[in-house]
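Below is one structure; the comments refer to it alone.
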2 protein chains.
Amino acid sequence: MQVEELVVAGGGVIGLSCAWRAAQAGWHVTLCDPAPASGSSWVAGGMLAPVTEAWPGEEALLDLGLEALALWPGFAEELSAAAGQAAGLHAKGTVVAATGSGDRAELDALAAHLATLGRPVERLTGRELRRLEPGLGPDVRGGLSVPGDLSVDNRALLAALRAAAEKAGVVIEERAWAGEGPVLICAGAHSAALHPALSGLVRPVKGEILRLGHRRGAFPLPTRTIRALVDGRPVYLVPRPDGLVVGATQYEQGFDTDPSVGGVRDLLRDAERILPGVAEYALVEVAAGLRPGSPDNMPLIGRLDERTLVATGHSRNGILLAPLTAQLVTGLLAGEPAPAAVDPARFREDR
Amino acid sequence: MQVEELVVAGGGVIGLSCAWRAAQAGWHVTLCDPAPASGSSWVAGGMLAPVTEAWPGEEALLDLGLEALALWPGFAEELSAAAGQAAGLHAKGTVVAATGSGDRAELDALAAHLATLGRPVERLTGRELRRLEPGLGPDVRGGLSVPGDLSVDNRALLAALRAAAEKAGVVIEERAWAGEGPVLICAGAHSAALHPALSGLVRPVKGEILRLGHRRGAFPLPTRTIRALVDGRPVYLVPRPDGLVVGATQYEQGFDTDPSVGGVRDLLRDAERILPGVAEYALVEVAAGLRPGSPDNMPLIGRLDERTLVATGHSRNGILLAPLTAQLVTGLLAGEPAPAAVDPARFREDR
């Protein structure tokens, strides 16, 4: 791929970030998407939270997430300046809340796991948590404080990325990629259909998400991202200037973006258990998106053949990993290899 | 009002029905509404259910509702033919389901009340109800069957009314009524602002409503309208060709159309208690509308001054009462008086 022309297939947070950075690096970039910034990036919660997302067995993902998180403040500042509009970074940190004894045991395990990795987190009682976030309800019995896990307003981010990309010369064409010529595939959950080497490596993982609006007289919004376990179910509540984003459901049922009654019921119930004051908030939006799942939850960033690059499979972490992904892709465009941990070649059977 | 020109202010189910009937009677009708068919008529559930809506002390409303219900089959048939599209009548009847003992006691009281009015209804056990509607859950312990209480697809109805009105010569102007000249006020919850005689007589009564979509593999839709009491809270589930409409919340908090988290949570929870299979349905739409409440829950249909007629204040019953209201309004236009029970003059202090 020594030509100066780059076509990016997909206009979500990954495609827009890569297009912007490639244009800054001197490439002539055309981005194709029938509806840019409308897929899972639009639906997302926008957590930048690798530590509170850490699962035993996913240490490589934690390392990647921490590397990405470290890029975020500089990325947001540079993007805001380039776009002439705020990138939406919200640097207030995260608390994790547990309700029942099983939930508290799970947080204990997470804290112990992080300690063994040399990343101790602060344990708090329910009372200490309520001192930080007075809206937390009486069912919250304990938890963690992780000031370094942040969030970003994903819709402000998408608007800023699009503005910055266009100012840098990216041409955005509202059509599907025609399937010919050199390309960078950034089509999220739809990527597998675009290249045979991705077949079986990217699958849609549905998530439902609610957007709540604060209303006059209702309990004030929390300051921090609140993650919680309610009777074993994860839920997150991410503050926005005028409301909250509530999510966490995960289903594997193909390309289905209908929000289900049962999923929305769980999110509302669990959000109220954690922050009872949300009962008075407005339910502004109910939606579902399709995360691009990969076999090991690590992204697929690398070269598929001499005419095809890929940056997809970001699972739950597309927004967090966008600045790092764009940096790796500009490296690929300059002829550098992809790190083995993200290179899709790790799944090749002839290895 | 001996001129042949009639201006109708408001394009909901009442305004459209009156406009259509007036045009059929030879009037030149202009209907003004900034957004026809978009208000509470659009949000509504579409129950035609005066018997299961009967409250002790509202016998006049029951009589009016029964008179209106009797008009519906003929009205729907005539409208479907005039519009060239189905009016959406669903003639499968209604069951009422009770859960706890307090709910069953309330249904007993309703049945006894109806019996004293000479309108006995059939009492059913939980098992008998499930024989009629197999989707009813185990928490349903008993109830009523009222085959005469029907429903209509309110959105099909609005589309048919608009088509029939325009074919009959009604000119629909998408703007607010300018406030001058002879007029028929049909502006629902917004009517009070349009004439001093309506001040204090019409108030907004908010209701939240959900639209659920049936999904492949989910439990089949019920055949009948299902009304229920769940721990004292009323809920209704009205079948549509492809889903269900779920409603029943009532709040008095001004012109607020934000669906609230707490209201939606109650509707989802209560719907699942009654029909557990809806957990697998899609949550397609969440909305709130403003019923035009009147002091006695009876509509306000009559003459306010020599240039002003009114048809509003239909509270929970606008769709049920639309054919009868249009008939009364064409009577007013022909110089007949309004029945005393609906004439807004009943609230005049000088009476």
Assigning unit charges at the beta carbon (Lys, Arg +1; Asp, Glu -1) and nothing else, what dipole magnitude in debye, to the nearest 20, does region B:269-351 show about its Cα centre?
80
Using a 7 Å offset from Cα along the direction of the beta-carbon, what are the separations from residue B:77 to the same position in each other copy, nm, ascending?
7.7
Test of understanding: express the Cα radius of gyration of the protein assembly as shown as a ratio to 2.2 N^0.38 Å, with N the residue count.
1.12
Looking only at B:119, B:127, B:307, which one moves most when chain B is put into a Gaussian network model with springs between Cα atoms under 10 Å?
B:119
Using modelled backbone amide H atoms (1.01 Å from N, in-plane), which distant-in-sequence or interchain residues come within less than 5 Å of residue B:284's amide H?
B:211, B:212, B:213
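Can you give the Kirkwood hydrodynamic radius for region B:215-277, in Å, rounded to one decimal and based on Cα pairs?
The Cα-based Kirkwood calculation yields 12.8 Å.
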Taking every alpha carbon pair in chain B and sorting the distances into 10 angstrom bins from 0 up to the bin holding the longest one, the percent per bin comes out as 6, 26, 34, 23, 10, 2, 0
Give the angle, between 0 and 90 degrees and rounded to the nearest 10, that separates the Cα long axis of helix A:59-83 from the longest principal axis of the Cα atoms of chain A.
80
Evaluated at 4 °C with a viscosity of 1.567 mPa s, what Stokes-Einstein diffusion coefficient in µm²/s does region A:192-237 have when Rh comes from the Kirkwood expression over alpha-carbon pairs?
88
In sequence order, calculated HN-Hα J values of region B:87-103 (Karplus, 6.51, -1.76, 1.60; Hz; x Gly/Pro)
6, x, 5, 10, 9, 9, x, 9, 10, 10, 10, 10, 9, x, 5, x, 5
Please report, in whole Å, how far the alpha carbons of region B:1-156 spread along each principal axis, starting with the longest.
57, 32, 27
Specify the inter-centroid distance of region B:56-91 and region B:225-245, based on alpha-carbon positions, in whole Å.
20
One decimal, nm, nearest first: from residue A:131 to the same residue in each other copy, label points 7 Å out along Cα→Cβ, the values are 6.5
Mean ellipticity per residue at 222 nm, deg cm²/dmol - from DSSP H runs of n ≥ 4 across chain A, formula -39500 (n - 2.57):
-10000 deg cm²/dmol
Cα-based equivalent ellipsoid of region A:115-194: semi-axis lengths in Å, sorted from largest, via gyration tensor:
44, 17, 14
Check which residues have an amide H placed less than 5 Å from residue B:11's amide H, if you skip close sequence neighbours.
B:37
Distance between Cα centroids, region A:158-197 to region B:270-344: provide it in whole Å.
51
At a threshold of 8 angstrom on Cα-Cα distance, excluding pairs fewer than six apart, so keeping six or more, what relative contact order does region A:113-240 reach in percent?
18
Span per principal axis, largest first, for the Cα atoms of region A:105-155 (Å)
33, 32, 16
In whole percent, the Cα-Cα distances of region B:241-336 spread across 10 Å bins from 0 upward as 13, 33, 27, 18, 8, 1
Quick one: Karplus J couplings for region A:194-206, per residue in order, coefficients 6.51, -1.76, 1.60, θ = phi - 60°, nearest Hz, x for Gly and Pro?
9, 7, x, 5, 8, 4, x, 9, 10, 9, x, 10, 6
Go through region B:185-279 and name the trypsin sites (Lys or Arg not before Pro) that are in a DSSP coil and have 12 or fewer other Cβ atoms within 10 Å of their Cβ.
B:216
Please list, in order along region B:22-37, the HN-Hα scalar couplings obtained from phi with the Karplus expression 6.51 cos²θ - 1.76 cosθ + 1.60 (θ = phi - 60°), rounded to whole Hz, x for Gly and Pro.
5, 5, 4, 7, x, 7, 8, 10, 10, 10, 10, 7, x, 8, x, 6
Starting from the Cα of residue B:336, step 7 Å along the direction of its Cβ; do the same at residue A:119; then give the gap between the two resulting points in nm.
7.8
Given the options A:242, A:266, A:108, state which has the largest fluctuation in a GNM of chain A using a 10 Å cut-off (strictly under) for Cα springs.
A:242
From other protein chains only, count the Cβ atoms within 10 Å of every residue's Cβ in B:283-291, then give the mean.
3
Show the residues, 5+ positions off or on another chain, whose built amide H is closer than 5 Å to the amide H of residue A:240.
A:245
What dipole magnitude, in Debye to the nearest 20, does chain A give about its Cα centre under +1 on Lys/Arg Cβ and -1 on Asp/Glu Cβ?
960
Under the rule rounded for a/c under 1.5, else prolate if a/b exceeds b/c, else oblate, using alpha carbon gyration tensor axes a ≥ b ≥ c, region B:290-349 is classed as oblate
Considering only DSSP beta bridges where both residues belong to chain A, give the percentage that are antiparallel (nearest 5).
70
Could you tell me which of B:183, B:48, B:163 has its Cα farthest along the dipole of chain B towards the positive end, charges placed at Cβ (Lys, Arg +1; Asp, Glu -1), taken about the Cα centre?
B:48
Across B:329-342, the residue-averaged tally of Cβ atoms belonging to other chains within 10 Å stands at 0
Determine the shape class of region B:192-351: with a ≥ b ≥ c the square roots of the Cα gyration tensor eigenvalues, call it rounded for a/c under 1.5, and otherwise prolate if a/b is greater than b/c, oblate otherwise.
prolate
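Since every read-out is calculated from the coordinates, none of them should be taken as a lab result. Since we're looking at a predicted model, the values are computed, not measured. Methodologically, a virtual Cβ is constructed for each residue, glycine included, from the backbone with ideal geometry; neighbour enumeration extends over all protein chains shown.
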